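Structure first, then comments.
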Amino acid sequence: MKNKQLRVAIVSDWLIGGGAERVVEELHKMYPDAPIYTSYCTDEWRQRLDGKVVTGYLQHFGKIRKFLPPLRALWFSRLKLNSFDLVISSSGAEAKGIKAKHPTVHINYCHAPTHYYWARYDEYMKNPGFGWLDPLARLGLWLLVGPMRRWDRKAAQRPDYLIANSNFTKGQIKKYYGRDSTVIHPPVDIERFQTSNPVKKILNKLSNSRNGFLVVGRQTPYKRIGLAVAACTELGLPLTVVGDGPDHKKLVKMAGPSVKFVTGASDAEVVKYFQSAKAFIFPGADDFGIVAVEALAAGTPVIAYKAGGALDYVTQDTGLFFIEPTAASLAKALQDFNSKSFDHTQIARHAANFSPKIFQEKIEKNVEASLR
């Protein structure tokens, strides 16, 4: 059955901005007539998705929605999607729990087994991320984690097929859900980090003027940005920290004079930071890590903690690993790093393997195989 003949629906946990939303955006380009069901959507994402978004009563809960995973689970479970030939859910939480009866085919693109029930439960209990409401969030999670884990594992059995965003996530799906999955990496806007000039010409020019190290991202505990700040402070190496978040004040306080912080950077400024750094430091263990692949797209080698999605794209030709999640281990990697040993053009070519075009081609092949 050809795509244009399919009755397709897309389902997402929420649409507020992030890697999961980029997957939904690419799916929307593939299936522009498909309605997109979600628990909550910002005005920006409604516009970006051409008004195809369908929400329910949870849309009216505002920020309180973060406290309501049981209601999200209930809402998604009650969606009636049996009139579609194909349902694709993009989920790292409750959206995978939709019920689609045969002959409707349900493919779940899994960003991770739900973090706050499984691999990062302890992290969420320590730092829920709700500010002054943290004590209430901890209590709610502690009370609900047992029944919600049972629901989550049961919900993960509902899709006919599972796609993992990395080999790391594939292992997590097997561990927590007991299911096999196929790996298709998420789409990365490769072209944004290059220029209209030939890639080789611009990257060779930039390689002669690259200076200092870079870390970009929301400053939360699990991102471990503090490791980069501590290591570069100890060694007196120039580091630019781009972004903001709940850990910002803590990071500024621990930083030495070689560390510079940039908040509120524009998209164009972020691109320039990527293109002009000697290397990008990726100290956390992410399920995939789109930001690290964005660095590769700019021809910038990545110094990553040896875990998570980074294992899928950091090689001896694109960067290097540090082994322990400590500032000392990262400091050793920084001392071993030699920017002259990397070909910036080759790094950028490697990043092209994660382009939206490649993503769409692999999804299309997966859909065709699933509908046979």
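The values are calculated or read from the model by the stated rules, or taken from the named source; none is laboratory data. Note that the coordinates shown come from a computational prediction; the quantities given were computed from them, not determined experimentally. Here Cβ is always computed from backbone atoms with ideal geometry, including for glycine, and neighbour counts include all displayed protein chains.
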When the stretch 285-301 is checked residue by residue, the ones that are part of a loop (DSSP other than H, G, I, E, B) and of a type in the set (A, V, I, L, M, F, W, C) are ALA285, PHE288, ALA298
If you take just the strands (runs of 3 or more DSSP E) that sit entirely in the stretch 204-284, which of them hold at least 3 residues that are farther than 25 Å from LYS340 by Cα and either under 23 Å from the mean Cα position of the chain (by Cα) or hydrophobic (A, V, I, L, M, F, W, C) (or both)? none
Of all helices (runs of 4 or more DSSP H) completely enclosed by the stretch 1-107, which ones contain at least 2 residues that are in the same structural domain as GLY146 (by TED's automatic domain parsing), in contact with a helix residue (DSSP H, G or I) (Cβ under 6 Å, 6 or more places away or on another chain) and closer than 27 Å to LEU139 by Cα? 69-77
Within the stretch 58-75, considering residues that are touching a residue at least 40 places away in the same chain (Cβ under 8 Å) and in contact with a Lys or Arg (Cβ under 8 Å, 6 or more places away or on another chain), the one surrounded by the most Cβ atoms within 10 Å (Cβ to Cβ): ARG72
Would you check if ALA304 is outside any strand (DSSP E or B) and crowded, with 20+ Cβ neighbours inside 10 Å? no
Provide a single number: the residues in the stretch 314-348 that are closer than 30 Å to SER90 by Cβ and either without any contact (Cβ under 8 Å) to a residue 12 or more places away in the chain or surrounded by 20 or more Cβ atoms within 10 Å (Cβ to Cβ) (or both). 5
How many of the residues in the stretch 108-131 are in contact with a Phe, Trp or Tyr (Cβ under 6 Å, 6 or more places away or on another chain) and over 15 Å from ASP152 (Cα atoms)? 2
Specify the residue that is nearest to VAL215 (Cα to Cα); the eligible residues are those in the stretch 287-301 that are in contact with a Gly (Cβ under 6 Å, 6 or more places away or on another chain) and surrounded by fewer than 24 Cβ atoms within 10 Å (Cβ to Cβ). VAL291
Could you tell me which of the residues ALA119, ALA112, ALA137 is crowded, with 23+ Cβ neighbours inside 10 Å and either part of a helix (DSSP H, G or I) or touching a residue at least 24 places away in the same chain (Cβ under 8 Å) (or both)? ALA112
Among the residues of the stretch 32-53 satisfying the criterion of being crowded, with 21+ Cβ neighbours inside 10 Å and among the aromatic types (Phe, Trp, Tyr), which is nearest to TRP14 (Cα to Cα)? TYR40
Could you check the stretch 309-371 for helices (runs of 4 or more DSSP H) lying wholly inside it with 3 or more residues that are charged (D, E, K, R)? 356-370
Restricting the search to the stretch 104-130, which residues are more than 16 Å from the chain's Cα centre (by Cα) and among the hydrophobic types (A, V, I, L, M, F, W, C)? VAL105, ILE107, TRP118, MET125, PHE130
